[in-house]
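Peer 1: Before anything else, here's the structure in question.
The values are calculated or read from the model by the stated rules, or taken from the named source; none is laboratory data. Everything quoted here is computed from the prediction, not taken from an experiment. Please note: Cβ atoms are built from the backbone with ideal geometry, for glycine as well, and neighbour counts cover all protein chains shown.
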Amino acid sequence: MKLGLFLIMENWDDDIPRAYAEHMETIRQADGLGLDDLWLAEHHFSDYSVSPSLTGLLAYAAGITSRIRIGAAAYLLPFHDPVTVAEDVATLDILSGGRMLFGAAKGGPFERQKAQFGVEGDEARERMLEGMDFVQRLLTEESVDFSGEHYSAEDLTVYPRPLQTRIPTFIASRDETAISYAAAHGFGLMAAHAWDLVRIRNQVATYREHHVEEAYPELMASRSFLVADTDEAAREAARPHIRRFRKRMSRQGFGRRGKDDFFNEDRLLANGVIGSPETCRQRLAELAEAGVTRVALKPVTHDHVQVRECLSTVASELDPEQESCT
C-alpha cells in the first residue's frame, strides 16, 4: 500500500499567503521523506480551504518536488471544459516528469459550488462521466471526433501530449453508475476520509461486480491523520482541529447536516488514522485488508511543525505490512 499526503490548503491562521508557503514547505518535506503520493483537492468560495486553482497548485508542487507522485483529488469535472482539463493534465504530466495522477469527481456534498456553476443533481454525474470519456480520448488519441450530450469536437488533438501512455485515473464516487463506469474502463476509485470500512468494502465489491475480470481496483482513501505517544493524546490533539474544520467548512455550505453530515466529528475520529504509532499501523493494515492500495493522510492539526513531525513518523515507523500489525 502506498502512503501519501492529502491537503486541502487549509488557511488555519487567516493568512492565505502564509498558508500557501507553509503547505508548500510540508510538500517539500513529504517528497524528501520518501512518501509515495501528494494529493490536492479542488474547493471553491472558501476562505478556509483555499484550493480553487487545482492546476496552479499542482504545477507549483511539481516544481518543488522530484519524486513524489502528484495527484488531483479531484478535478470537479462538471465545472470545467474537458478540453482545458486534458490540456492541463498533460502539461502537469510533463512538468512533473510523468508523475501525474488524475482524479475526477462530480462536485461532492458542496451545494454552493454546484449551484454557482449551475450543475446539480443527475446532470453533475452525467457531465462527469461524459467529460471523463472526452478527457481520456484527448489524452490517449489524436484527431478526436466526439459527439455527446454536453460536449463535442471534430478532428481535435490537444498539445502537449502527456509523458505517460496512460495516466493513472481515479473516480471519486459511491454511486453505482460511476463505479460501474470506472470498472468498465479500468479506472481506480477514491474514498472520502469520512467513509468507514464498510462503505469502502462495498465500493470495492460493486467495482468487482461490474469488472469483466472481477479485478480489484486501485483505490485511494483519504484519512484524517495524527500520531502521538498515546491514543488519548492523539485524539485530544485532533479534536480542536476537527471542530474548527467542521465549523469553517459548514458555514460556507460544505457538507450536509443530519445523519449524512459529512464532517461529523465522531465519524472523522473513528475512521481516521489517529492514535499511537501502533494504533496507526493497525488502522493502515485494516485499510489494506479492505482493498485500499493508496492512503492519503490529511493532517488534523493547526501546527505545521506537528504536521511535519507526524510525517517523519509516517516515513520511519508506519509500515502497515509490519508483522506486528498482523
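Peer 1: Can you pull out the residues in region 1-27 that are over 15 Å from GLY71 (Cα atoms), of a type in the set (D, E, K, R) and either surrounded by 22 or more Cβ atoms within 10 Å (Cβ to Cβ) or at pLDDT 95 or above (or both)?
Peer 2: If the condition is that a residue be over 15 Å from GLY71 (Cα atoms), of a type in the set (D, E, K, R) and either surrounded by 22 or more Cβ atoms within 10 Å (Cβ to Cβ) or at pLDDT 95 or above (or both), then GLU10, ASP15, ARG18, GLU22, GLU25 are the ones that fit.
Peer 1: For the condition within 26 Å of ARG246 (Cα to Cα), of a type outside the set (Ser, Thr, Tyr) and more than 17 Å from the chain's Cα centre (by Cα), what is the one hit in ILE8, ILE16, ILE64?
Peer 2: Step by step, each of ILE8, ILE16, ILE64 is checked, and only ILE16 is within 26 Å of ARG246 (Cα to Cα), of a type outside the set (Ser, Thr, Tyr) and more than 17 Å from the chain's Cα centre (by Cα).
Peer 1: Say we look at region 28-40 and pick out the residues that are assigned to a helix (DSSP H, G or I) and not aliphatic (A, V, I, L, M); which of these is surrounded by the most Cβ atoms within 10 Å (Cβ to Cβ)? Walk me through how you get there before you give the answer.
Peer 2: Here is the first cut: in region 28-40, the residues assigned to a helix (DSSP H, G or I) are 28-33.
With the extra rule that they be not aliphatic (A, V, I, L, M), the set shrinks to 28-29, 31-32.
On the way: ARG28: 16, GLN29: 17, ASP31: 19, GLY32: 14.
Looking at residues that are assigned to a helix (DSSP H, G or I) and not aliphatic (A, V, I, L, M), I get ASP31.
Peer 1: Any residue that is at pLDDT 95 or above, in a loop (DSSP other than H, G, I, E, B) and either buried (at least 19 other Cβ atoms within 10 Å of the Cβ) or touching a Phe, Trp or Tyr at 6+ places or on another chain (Cβ under 7 Å) (or both) - is there at least one of those in region 226-249?
Peer 2: The answer is yes, given that some residue of region 226-249 is at pLDDT 95 or above, in a loop (DSSP other than H, G, I, E, B) and either buried (at least 19 other Cβ atoms within 10 Å of the Cβ) or touching a Phe, Trp or Tyr at 6+ places or on another chain (Cβ under 7 Å) (or both).
Peer 1: For region 117-143, what are the residues that are assigned to a helix (DSSP H, G or I), of a type outside the set (D, E, K, R) and either touching a helix residue (DSSP H, G or I) at 6+ places or on another chain (Cβ under 8 Å) or buried (at least 19 other Cβ atoms within 10 Å of the Cβ) (or both)?
Peer 2: Within region 117-143, the subset assigned to a helix (DSSP H, G or I) is 117, 121-140.
From the residues that got through so far, the ones that are of a type outside the set (D, E, K, R) too are 117, 121, 124, 128-129, 131-132, 134-136, 138-140.
Of everything in region 117-143, those that are assigned to a helix (DSSP H, G or I), of a type outside the set (D, E, K, R) and either touching a helix residue (DSSP H, G or I) at 6+ places or on another chain (Cβ under 8 Å) or buried (at least 19 other Cβ atoms within 10 Å of the Cβ) (or both) turn out to be PHE117, ALA124, MET128, LEU129, GLY131, MET132, PHE134, VAL135, GLN136, LEU138, LEU139.
Peer 1: Taking region 61-101, which residues are acidic (Asp, Glu) and more than 14 Å from VAL158 (Cβ to Cβ)? If you could, list the steps in order and put the result at the bottom.
Peer 2: Within region 61-101, the first condition is being acidic (Asp, Glu), and the residues that meet it are 81, 87-88, 93.
If the condition is that a residue be acidic (Asp, Glu) and more than 14 Å from VAL158 (Cβ to Cβ), then no residue fits.
Peer 1: Turning to a different aspect of this structure: Can you tell me how many residues within region 44-63 are at pLDDT 95 or above, of a type in the set (A, V, I, L, M, F, W, C) and assigned to a loop (DSSP other than H, G, I, E, B)?
Peer 2: 1
Every residue, every condition in (1) among the small types (Gly, Ala, Ser); (2) over 22 Å from MET190 (Cα atoms); (3) outside any loop (DSSP other than H, G, I, E, B), yes or no:
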| position | (1), (2), (3) |
| --- | --- |
| GLU42 | no, no, no |
| THR65 | no, yes, no |
| GLY71 | yes, no, yes |
| THR84 | no, yes, yes |
| GLY98 | yes, no, no |
| ALA115 | yes, yes, yes |
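Peer 1: Moving on to the next point. Given the conditions (1) touching a residue at least 24 places away in the same chain (Cβ under 8 Å); (2) assigned to a loop (DSSP other than H, G, I, E, B); (3) surrounded by fewer than 22 Cβ atoms within 10 Å (Cβ to Cβ), and given that GLU213 satisfies all but one, which numbered condition is not satisfied?
Peer 2: (1)
Peer 1: Of the residues GLU126, GLU42, which is among the acidic types (Asp, Glu) and either closer than 26 Å to ASP13 by Cα or within 14 Å of the chain's Cα centre (by Cα) (or both)? Working first, answer last.
Peer 2: Details: GLU126 fails: either closer than 26 Å to ASP13 by Cα or within 14 Å of the chain's Cα centre (by Cα) (or both).
Within the list GLU126, GLU42, the selection yields GLU42.
Peer 1: In the set LEU197, LEU189, LEU219, which member is out of contact with any strand residue (DSSP E or B) (no Cβ under 7 Å at 6 or more places or on another chain), at pLDDT 95 or above and within 23 Å of ASP36 (Cβ to Cβ)? Reasoning before the result, please.
Peer 2: Details: LEU189 fails: out of contact with any strand residue (DSSP E or B) (no Cβ under 7 Å at 6 or more places or on another chain); LEU219 fails: out of contact with any strand residue (DSSP E or B) (no Cβ under 7 Å at 6 or more places or on another chain).
Within the list LEU197, LEU189, LEU219, the selection yields LEU197.
Peer 1: May I pose another question? Among the residues of region 52-68, are any closer than 19 Å to LYS114 by Cβ, of a type outside the set (Lys, Arg), in contact with a strand residue (DSSP E or B) (Cβ under 8 Å, 6 or more places away or on another chain) and buried (at least 20 other Cβ atoms within 10 Å of the Cβ)? Lay out the reasoning, then the answer.
Peer 2: Of region 52-68, the ones closer than 19 Å to LYS114 by Cβ are 52-54.
Among the residues that remain, those that are also of a type outside the set (Lys, Arg) are: 52-54.
After this cut, where a residue has to be in contact with a strand residue (DSSP E or B) (Cβ under 8 Å, 6 or more places away or on another chain) as well, the list is 54.
From what's left, buried (at least 20 other Cβ atoms within 10 Å of the Cβ): 54.
Yes - at least one qualifying residue is present in region 52-68.
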